Amino acid sequence: MAAPTDLKKLRQDIVFNATLKGQHLNFHTTWGTFSPREIDAGTLMLLDYMEIAEADDCLDLGCGYGPIGMTMARLAPKGQTLLVDRDFVAVEYARANLARNGITNGEALLSNGFNHIGERRFDLIASNIPAKVGNEMLYLFLHDALAHLKPGGRLYLVTITGLREFIKRACNEVFGNYKKLKQGPQYTVAMAVKPEAR
């Protein structure tokens, strides 16, 4: 059984720094959030292959404590970045991390997928998709992403490599296109683009 002093320490924020796509960021996290002690390998791989323009309006779906969305906001200072998660603890930490890093063109919002973001449209949507979310939720996610992208907008995904064939098939079905950017033993990064005519 943990001693009271150990419990007090466990309740304290976990704090670390990371450099993501050249951006130096400070993160506070807590036990129970995804990858609380360091940026996970899937997120790092996703960020490596994303192209972000300075005026892009961006969405980080399933933001956790904010590493993807904060990086996008920093690299798109003339755009607005929205970070969403269905976990209120993650959203609270994402909001605090945005503030402590001086990122004023980003906001964090509690939302179950796209359900609470209204009619906002984006140039770029990025997500580190949980491995066990289920095919039904993935189809909902892809259709909603298509609806919330501007024509020509890009969807970037990182998934476990075991999902790559499903993601390829589903992106081709929903978007009409799919591009594998990187496949590793654990993770695959892919992109789909909303056609200009849709």
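Laboratory data are not the source of any read-out in this text; all were calculated from the coordinates shown. All values derive from a computational prediction rather than experimental measurement. All Cβ positions, glycine included, derive from the backbone under ideal geometry; neighbour counts span all protein chains shown.
Each row is one residue, and each column tells you yes or no for (1) closer than 19 Å to M45 by Cα; (2) surrounded by 14 or more Cβ atoms within 10 Å (Cβ to Cβ); (3) of a type in the set (V, I, T).
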site	(1), (2), (3)
L140	no, yes, no
H148	no, yes, no
R154	yes, yes, no
E165	yes, no, no
E196	no, no, no
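For region 63-116, enumerate the residues that are acidic (D, E), part of a strand (DSSP E or B) and more than 12 Å from the chain's Cα centre (by Cα).
Within region 63-116, E107 is the sole residue that qualifies.
When you go through (1) free of Cβ contacts under 8 Å to residues at least 24 places away in the same chain; (2) within 26 Å of K132 (Cα to Cα) one by one for D48, which number turns out not to apply?
Failed condition: (1).
Would you say D57 is buried (at least 16 other Cβ atoms within 10 Å of the Cβ) and farther than 22 Å from G42 by Cα?
Against the criterion (buried (at least 16 other Cβ atoms within 10 Å of the Cβ) and farther than 22 Å from G42 by Cα), D57 qualifies.
Could you check how many residues of region 19-31 are within 13 Å of Y65 (Cα to Cα) and without any contact (Cβ under 8 Å) to a residue 60 or more places away in the chain?
The total comes to 1.
Read through the list (1) in a helix (DSSP H, G or I); (2) of a type outside the set (V, I, T); (3) closer than 28 Å to T161 by Cβ, then give the number of the only condition that D60 fails.
Tallying (1) in a helix (DSSP H, G or I); (2) of a type outside the set (V, I, T); (3) closer than 28 Å to T161 by Cβ, D60 fails exactly one: (1).
Of all residues in region 125-158, which are assigned to a loop (DSSP other than H, G, I, E, B), closer than 21 Å to Y49 by Cα and free of Cβ contacts under 8 Å to residues at least 40 places away in the same chain?
A131
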